[in-house]
Amino acid sequence: MTVEDGGDLAGVPDGFGRLWVPHRMAYIGGENKDGCAFCRAPERSDEESLIVTRGTTAYALLNLYPYNGGHVLVCPYRHVADYTDLTTDEMIEVAELTRTAMTVLRAVSGPDGFNLGMNQGAVAGAGIAAHLHQHVVPRWAGDANFLPIVGRTRALPELLADTRARLAAAWPVAEERH
Ligand SMILES: [Zn+2]
């Protein structure tokens, strides 16, 4: 299985090819291509689904189609599409997981900035429009190199399995509410 054939693993396809710098991929394919990837991901192990942490109403996983190394997605467990569909508890936990993802990514890989956001609806660019997901994309100065422009390909210096393990290890045990 190639990187671009993600099976039913969770991620948001974006039409870019990807040049993976390491030589070997560590993906485990799914057995069923039906259903929603964000609903199915929590049914598998953290390693299989690239889940970084599991909360009470929401969880965080790596995007199978990262814009950058450490591209995290925060999703409610419930299959809801729109931000206004979230319960207050889900809204708070999605926000808390987003905040913690920034803290963890800063500690692990020292990005210079982040893009945060949700694409609401396919017309707005949501790859999996039916299941809400918040993007947490770490950015580094100079990370937008020539490859996305010339080759529709992104260079990613670390395997997703390794990124997941580093973020999961650095994730605090319990979410702290301020
Ligand atoms: Zn879903």
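The values are calculated or read from the model by the stated rules, or taken from the named source; none is laboratory data. Computed from a prediction, not measured in an experiment: that's the story for all the values here. As a convention, Cβ positions derive from the backbone with ideal geometry for all residues, glycine included, and neighbour counts pool all protein chains shown.
How about the range 51-66: which of its residues are more than 15 Å from the ligand (Cβ to nearest atom), modelled with pLDDT of 95 or more and assigned to a loop (DSSP other than H, G, I, E, B)?
Across the range 51-66, the qualifying residues are GLY55, THR56.
Any idea which residue in the range 67-77 is nearest to THR100 (Cα to Cα), counting only those that are within 15 Å of the ligand (Cβ to nearest atom) and in contact with a helix residue (DSSP H, G or I) (Cβ under 7 Å, 6 or more places away or on another chain)? Quick ask: steps written out before the conclusion?
Narrowing the range 67-77 to residues within 15 Å of the ligand (Cβ to nearest atom): 73-77.
Filter once more, keeping what is in contact with a helix residue (DSSP H, G or I) (Cβ under 7 Å, 6 or more places away or on another chain): 74-77.
On the way: VAL74: 11, CYS75: 14, PRO76: 15, TYR77: 18 Å.
Applying the filter and picking the extreme gives VAL74.
Whether any residue in the range 95-116 is within 16 Å of the ligand (Cβ to nearest atom) and either in contact with a Gly (Cβ under 9 Å, 6 or more places away or on another chain) or over 18 Å from SER49 (Cα atoms) (or both) is what I want to check. So that I can check it myself, show each step before the final result.
As a first pass, look at the range 95-116 and keep what is within 16 Å of the ligand (Cβ to nearest atom): none.
No: zero hits.
Could you say which residue among ASP14, ASP8, ASP89 is farther than 28 Å from TRP140 by Cβ and at pLDDT below 95?
So the residue among ASP14, ASP8, ASP89 that is farther than 28 Å from TRP140 by Cβ and at pLDDT below 95 is ASP8.
Examine the range 19-36 for a residue that is at pLDDT 70 or above and outside any loop (DSSP other than H, G, I, E, B), and state whether such a residue exists. First the steps, then the outcome.
Quick first cut of the range 19-36, residues at pLDDT 70 or above only: 35-36.
Applying the additional criterion that residues be outside any loop (DSSP other than H, G, I, E, B) yields none.
There is no residue in the range 19-36 that is at pLDDT 70 or above and outside any loop (DSSP other than H, G, I, E, B).
Of the conditions (1) in contact with a Pro (Cβ under 8 Å, 6 or more places away or on another chain); (2) modelled with pLDDT of 85 or more, PRO42 satisfies every one except a single condition; which number is it?
Condition not satisfied by PRO42: (1).
Listed here are the residues, each with its yes/no results for (1) exposed (fewer than 12 other Cβ atoms within 10 Å of the Cβ); (2) free of Cβ contacts under 8 Å to residues at least 60 places away in the same chain; (3) assigned to a helix (DSSP H, G or I); (4) in contact with a Leu (Cβ under 9 Å, 6 or more places away or on another chain).
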| position | (1), (2), (3), (4) |
| --- | --- |
| THR84 | yes, yes, yes, no |
| GLU96 | no, no, yes, no |
| MET102 | no, yes, yes, yes |
| PRO111 | no, yes, no, yes |
| ILE128 | no, no, no, no |
